[in-house]
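Notes follow once the structure below has been shown.
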Amino acid sequence: MRNGHALTDADRQPWLERMHAAIVDRISRNQPAVLACSVLKASYRAIVEEGCRAHLQLVYLKGSFDLFHQRLTHRRDHFMPRELLAGQFAILEEPADALVIDAALLPDEIIRQIRLGIPVEAAKH
């Protein structure tokens, strides 16, 4: 991506499998965790969530193309050039079963809303 080339599904596969392994590891040790990643397609989420969905709460930080383009424009030394953003939006399949949070909010407010949206008992699993 740093060189301006979008990742293919094959490129993403090992990374998605590592994310899944990290989730399984945390669940097996009853260890809470927050993992941040962009699983843009339902097929990507299926790999990451396989056999673990009951223990997960997906959070979808929903924002406009303009919002994310502006943020990428102002980042220094970020791995993804802003020219690839349109492709990310083109493949996005919004999750139907996620907690949806406005990405335009300040980070503290995003965290507050996530905490309010996840029942304490669900967060313990």
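The numbers here are math on the coordinates, done by the rules we state, and not lab data. Everything quoted here is computed from the prediction, not taken from an experiment. Cβ atoms come from the backbone with ideal geometry, glycine included; neighbour counts cover every protein chain shown.
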What residues qualify as long-range amide H neighbours of TYR60, i.e. H under 5 Å apart, gap of 5 or more or another chain, H built at 1.01 Å from N?
LEU99, VAL100, ILE101
Any chance you could check the Cα centroid distance between segment 89-117 and segment 1-66 for me, in angstrom?
15
ALA21/LYS62 FRET efficiency (R0 35 Å; Cβ-Cβ; nearest 0.05)
0.80
In terms of the alpha carbon gyration tensor, root eigenvalues a ≥ b ≥ c, rounded if a/c is under 1.5 and otherwise prolate when a/b exceeds b/c or oblate, segment 9-124 is oblate
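I want the local charge near ASP102. Using Cβ-Cβ distances under 11 Å, sum +1 for each Lys or Arg and -1 for each Asp or Glu among the other residues.
Neighbourhood net charge equals 0.
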